[in-house]
Amino acid sequence: MLTRVLIVLIIFSFLSCGQDRIFDSYKTIPNQWDKDSLIMFEFDLKSSSYNSFINVRTDQSYMFNNLFLIITVHDSTKIIMKDTLEYKMANSNGKLLGKKFLNTFQNKLVHKESAKFESGKYLVTIQHAMRKINQINGLKLLDGIINIGYRIEKEK
């Protein structure tokens, strides 16, 4: 576990630079990600257009070629966006994609491009929506996800 935390801190220090970054935060997933567990990010924005990203760090135990996420954006009174998105996480041979550092893979996945926001406080929730092939019920516990992050950049 200590090795895992050290790896995450080193990766974070390399990836934390960025002049256009408005918000960038990560949450650690302890052991397995429960399908009912919401990862939450709160932030303030000024009226403008932004690009947002989901940052996913995995290790070798991630066993799927894709990742389904339900991403909900709330303002102070209501849900303003809700998406179920699929991201490719491995190639057809099962090799994990992303920037590799030791046994960790970093993926910066596009959430929204040129999204217009009014000034105010926002809450983003992220949960996984993974299931095994030919199974109706979702996968209860997802292995291999180390961190989930949310990043907002000012549109250039």
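The values are calculated or read from the model by the stated rules, or taken from the named source; none is laboratory data. Every value quoted in this text rests on a predicted model; they were computed, and no experiment measured them. Here Cβ is always computed from backbone atoms with ideal geometry, including for glycine, and neighbour counts include all displayed protein chains. When the accessible area is computed, the model is the full protein with side chains, heavy atoms only, and any ligands, DNA or RNA have been set aside. Shrake-Rupley method; radii C 1.70, N 1.55, O 1.52, S 1.80 Å.
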> Which residues, taken from the range 116-156, are part of a strand (DSSP E or B), among the aliphatic types (A, V, I, L, M) and open to solvent by less than 20 Å² (accessible area, probe 1.4 Å)?
Replying inline: V124, I126, L142, I145, I146, I148, I152
> Somewhere in the range 76-87, is a residue modelled with pLDDT under 90 and either in a strand (DSSP E or B) or within 15 Å of F53 (Cβ to Cβ) (or both)?
Replying inline: no
>> Could you check the range 124-153 and list, in sequence order, the residues that are closer than 13 Å to V56 by Cβ and hydroxyl-bearing (S, T, Y)?
In response: Y150
> If we keep just the residues of the range 4-43 that are modelled with pLDDT of 95 or more and under 21 Å from K156 (Cβ atoms), which is farthest from the chain's Cα centre (by Cα)?
Replying inline: F43
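Taking the options S61, S92, name whichever one is open to solvent by 100 Å² or more (accessible area, probe 1.4 Å), touching a residue at least 12 places away in the same chain (Cβ under 8 Å) and farther than 21 Å from E155 by Cβ.
That would be S92, the only listed residue that is open to solvent by 100 Å² or more (accessible area, probe 1.4 Å), touching a residue at least 12 places away in the same chain (Cβ under 8 Å) and farther than 21 Å from E155 by Cβ.
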>> Being modelled with pLDDT of 95 or more and of a type outside the set (S, T, Y) is the requirement here; does I71 meet it?
In response: yes
> If a residue has to be touching a Lys or Arg at 6+ places or on another chain (Cβ under 9 Å) and at positive phi to count, how many in the range 84-119 make the cut?
Replying inline: 1
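May I ask you to list the residues in the range 28-47 that are open to solvent by 30 Å² or more (accessible area, probe 1.4 Å), assigned to a strand (DSSP E or B) and out of contact with any helix residue (DSSP H, G or I) (no Cβ under 9 Å at 6 or more places or on another chain)? Lay out the reasoning, then the answer.
Going residue by residue through the range 28-47, those that are open to solvent by 30 Å² or more (accessible area, probe 1.4 Å) are 28, 30-32, 34-38, 40, 42, 44, 46-47.
When the remaining residues are screened for being assigned to a strand (DSSP E or B), the result is 28, 34, 40, 42, 44.
Scanning the range 28-47 gives D34, M40, E42, D44.
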> Do any residues in the range 95-115 that are open to solvent by 40 Å² or more (accessible area, probe 1.4 Å) have Cβ atoms under 9 Å from those of residues that are acidic (D, E) and part of a strand (DSSP E or B), where the two are at least six apart or on different chains, and which pairs are they?
Replying inline: N103/D59; K112/D83
> Got a number for residues in the range 64-89 being open to solvent by 90 Å² or more (accessible area, probe 1.4 Å) and touching a residue at least 40 places away in the same chain (Cβ under 8 Å)?
Replying inline: 2
